[in-house]
Amino acid sequence: MPRSADVARVAGVSQKTVSRVFNDEPYVSADVRRRVLAAAEELGYRMNHAARALASGRTRSIGVVTLGTALYGPASLLMGVERAVRDAGYALRVVNTVEGDPAGVTGAVESLIEQGVDGIVISEPIDEGAAAVRVDVPVLVLGAPPAFAAPQVLTVGVAADALARAATEHLLALGHATVHHLAGPQRWYAARDRLDGWRSALRAHGRAEPPVVEGDWSAVSGYEAGRKLAADRDVTAVFAANDDMAVGLIRALLEAGRRVPEDVSVVGFDDIPLAAYVTPPLTTVRQPFDAVAQEGLKLLVQAIEKPDADPPPAVDPPVELIVRTSTAPPTGR
């Protein structure tokens, strides 16, 4: 196997310069960096990460604790985190939790600490109760955290409440007197945030708050909720806490003879790939998974590599409303 000395010889530089290039250190010219990388590629050189870990005391790995689920939101956020971790030059180690296991987060964190990760990302969407965890590496929490004792705990959210407000205010701006809410399961932090955003929008505009109907994120639960809402002729607008429930809701409304959007406007949440191709195409809000992951990993990597530096200012994720044809002014407007 080629060594760093071989790369240095082919590139015409010192071994120290090769080390600086692969450690992404400053004070290396663009030309020298290009020559070193070209020589490494020519020789098939790969950095010995095990040796680097022994020398630096770090493994160049980041652990992620996340719910083991195929649901669009958590799965998409995990994909965004994976891309951000690899872009930052770290290896990724994932431990899945199981819904309904109060000790899941604690066990997952302890497993990652045993593997020697340099930092931990918590992407746990369900409130399983208090789970005090003590770790000796920086922790990034995506959403609402359990209790942590760590050198540094950083928090970045997807601004679900702001997205929910935007969805609700879109319907109010069309002229609907109020907006009904098909909520997600309230053990999920995200479902609570979306409920809060819907409620705050109605209160800001002085509108009535209809009773909340709760689903379980599935299209089936949206369909069952839709059968109930279709029977109430006062319902003219519904904000669903995710797109799957919105699709089921629309099916039930249409079966009951309630046209969408002529009789009832519907807004979803997530902008799943299917949303643009259902009938009618679904108005929804798009979650900024990649932006949140990139912002969070930037904070975490700085906490790992420069623990004494002040964290950079947080950047609010974008609010993106995708308007399609499932929403319209109420009949008569």
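The values are calculated or read from the model by the stated rules, or taken from the named source; none is laboratory data. This is a predicted model, so every value here is computed, not measured. Counting neighbours? That spans all protein chains shown, and the Cβs are built from the backbone with ideal geometry, glycine included. What goes into the accessible areas is simple: the full protein's heavy atoms, side chains included, and nothing from ligands, DNA or RNA. Shrake-Rupley method; radii C 1.70, N 1.55, O 1.52, S 1.80 Å.
Points to keep in mind about this one:
- Test: residue in the range 56-74 that is closer than 25 Å to D6 by Cα and at pLDDT 85 or above: yes
- Residues that are open to solvent by less than 20 Å² (accessible area, probe 1.4 Å) and among the aliphatic types (A, V, I, L, M) were ranked within the range 240-252; the one that is nearest to R192 (Cα to Cα) is A241.
- Selected residue [under 14 Å from the mean Cα position of the chain (by Cα), more than 17 Å from L300 (Cβ to Cβ) and free of Cβ contacts under 8 Å to residues at least 40 places away in the same chain] from A103, A75: A75
- Whether a residue is of a type outside the set (D, E), surrounded by 20 or more Cβ atoms within 10 Å (Cβ to Cβ), modelled with pLDDT under 95 and under 24 Å from G143 (Cβ atoms) was assessed, and W217 does not pass this test.
- Qualifying residues in the range 78-87 (those that are farther than 21 Å from G107 by Cβ and in contact with a strand residue (DSSP E or B) (Cβ under 8 Å, 6 or more places away or on another chain)) - the one surrounded by the fewest Cβ atoms within 10 Å (Cβ to Cβ): R86
- Only one of the listed residues (L282, L274) is under 30 Å from A84 (Cα atoms) and open to solvent by 60 Å² or more (accessible area, probe 1.4 Å). That residue is L274.
- Just one residue in the set A230, A204 is farther than 18 Å from G184 by Cβ, surrounded by fewer than 16 Cβ atoms within 10 Å (Cβ to Cβ) and free of Cβ contacts under 8 Å to residues at least 40 places away in the same chain; that residue is A204.
Residue-wise test of (1) among the hydroxyl-bearing types (S, T, Y); (2) surrounded by fewer than 17 Cβ atoms within 10 Å (Cβ to Cβ); (3) closer than 19 Å to R165 by Cα.
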site: A225; (1), (2), (3): no, no, no
site: L254; (1), (2), (3): no, no, no
site: P261; (1), (2), (3): no, no, no
site: F289; (1), (2), (3): no, no, yes
site: P312; (1), (2), (3): no, yes, no
site: V319; (1), (2), (3): no, yes, yes
